[in-house]
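Comments concern the structure below.
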Amino acid sequence: MDEKITYDTFFARSFSRSDQKKLGYGAFIGCLLIALSFCLVFMPYSSPQSIRLGTSVPKRMNIVCKSEKRSDYCEIKGEDVRIDAKSSTVFIVASSQQSIRDLEDNTTSLLIGPYSRKEDQIAMKSVRKWLVKPVMESNVTPPCSQTHSVPAILFSLGGYSGNNYHDFTDIIIPLYSTARIFNGEVKFVVTNSNPWWIKKFRNLVQKLSNYEVIDIDNEENIHCFTSVVVGLKRAPQELSIDPSKSSYSMKDFRQFLRSAYSLNKVRAIKIEDEDDDDDDGKTRPRLLIVARNRTRAFRNTDEIVGMARNLGYEVRIAEADGNIQRFAEIVNSCDVMMGVHGAGLTNMVFLPENAILIQVIPFGGVEWPARTAFGEPSKDMNIRYLDYKIKAEESSLIEQYPADHEVFKNPLSISKQGWLTFKAVYLDKQDVNLDTNRFKITLLKALELLHQ
């Protein structure tokens, strides 16, 4: 199904190697010259004016469907593609004999959930599945109600949409990677649509598409296109783009974000050595503390702020909310961003180049998911990464469990009880009381990096 039928492969199949050997290279050239001479002698003369303007070679069908680690997708080009919401089907209709020949190796129907976390069964439960179905005759499909002159991308806003981290890693970055090549001349056909999601990320949606979003689930019309991408292209890593499989990189994506939200700061401050002993009139590095009010909140924020200011930081405290524009501007204005592991740290994408992210890792074996979520992605974003792992004494869990409890002695045993139990204990019930003397070393390290 992954094979692309091209002119070269078609020719190779028609003219086998055994035929080539029998004929021989010299004989083949000779025959070719004879045929050419025959055409020159006997072909009727035609003036350039007799060639009809607008004549074109019929388009060849090109269907590429791939099943990758995090997503399934199909790219369908140069054909009659009909999207029928009632049957949740994307019909690929052969409109010529050539198209029928091209379809012969692509007759298998595929069921695709167009959301980029296919390995997560919980997420995929809320994702509408679409059947990609090649058909040989148009009379077996519903007729077109609305025909579009630009390509389409069909994707889902189900899954974990609404969580800022998953909005970016599962939807926005894959959508950018898939859609950017169209330079705005593409329509977004959305299933499991959420109007509030479209409104929240309006800047990005309008930057990627020049057209209104089609909420396909509420459509009775049959929407027809010549090219459709079903699903989104997703890198295996979180918050990442694989440049070996995409025309773009995370550097390109971050430039795109700065343009979409009119963010002015491109690079973090570089501290000059001669500035260290003279604060008068000098610009201090700006530290953003990402606040959380419900879970994993800092309990001694004032103490952290005082210590950071004594080290030479200008400090700002803000909590991520639904106003992306406002928070993007705050993050972009800072040189260092710190916060406890959680979706709020996703806003690292708005940091300037060479900025520093400090992730405070909660107690309880959260290191691997924390570093996978934010530590590893920081490399491709040109963001310096530091983390600080809290001790049991810095966790509010000491107020909830005795010191000899399995929660402290053996976090792995809690993890073995399943994700929901692990999450309830170490993520939902834990706040942080930072040891500022110990954490001071991390903030000093960040200052050292800003000298480089």
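For Trp130, Trp419, the ranking by accessible surface with the largest value first comes to Trp419, Trp130, using a 1.4 Å probe. Estimated at the nearest 10 Å², the accessible area of Asp215 is 50 Å² with a 1.4 Å probe. About its Cα centre, the dipole of segment 286-451 is roughly 120 debye, where the only charges are +1 on Lys and Arg Cβ and -1 on Asp and Glu Cβ.
Compute the Cα gyration tensor for segment 279-325, then decide on rounded, prolate or oblate, letting a ≥ b ≥ c be the square roots of its eigenvalues: rounded whenever a/c is under 1.5, prolate when a/b is larger than b/c in the other cases, and oblate in all that remain. Oblate, since a/c reaches 1.5 and b/c is not below a/b. Of the peptides 74-86, 364-376, the order by per-residue mean of other Cβ atoms within 10 Å, starting with the highest, comes out as 74-86, 364-376.
Rolling a 1.4 Å probe over the protein chains gives Ser116 an accessible area of about 0 Å². In loop segments of segment 383-440 as defined by DSSP, the trypsin sites (Lys or Arg not before Pro) with at most 12 further C-beta atoms inside 10 Å of their C-beta are Lys391, Lys416. Placing unit charges on the Cβ atoms of the charged side chains and taking the dipole of segment 286-451 about its Cα centre, the candidate lying farthest along the positive direction among Leu397, Leu443, Pro411 is Pro411.
Given axes a ≥ b ≥ c from the Cα gyration tensor, I'd like to know whether segment 358-452 is rounded (a/c under 1.5), prolate (a/b larger than b/c) or oblate. Note, shape of segment 358-452 comes out oblate. Residue by residue, segment 353-362 carries 3J(HN,Hα) couplings of 4, 6, 6, 10, 10, 10, 9, 8, 9, x Hz when phi is fed to the Karplus relation 6.51 cos²θ - 1.76 cosθ + 1.60 (θ = phi - 60°); x denotes Gly or Pro.
Starting from the Cα gyration tensor of segment 286-451, take the square roots of the eigenvalues, sort them a ≥ b ≥ c, and report rounded, prolate or oblate (rounded when a/c is under 1.5, otherwise prolate if a/b is larger than b/c, else oblate). Prolate, since a/c reaches 1.5 and a/b exceeds b/c.
The values are calculated or read from the model by the stated rules, or taken from the named source; none is laboratory data. Keep in mind it's a predicted model, so treat the numbers as computed, not measured. Neighbour counts run over all protein chains shown; Cβ positions are idealised from the backbone, glycine included. Please note that ligands, DNA and RNA were not included when accessible areas were found on the heavy atoms of the full protein model with its side chains. Shrake-Rupley method; radii C 1.70, N 1.55, O 1.52, S 1.80 Å.
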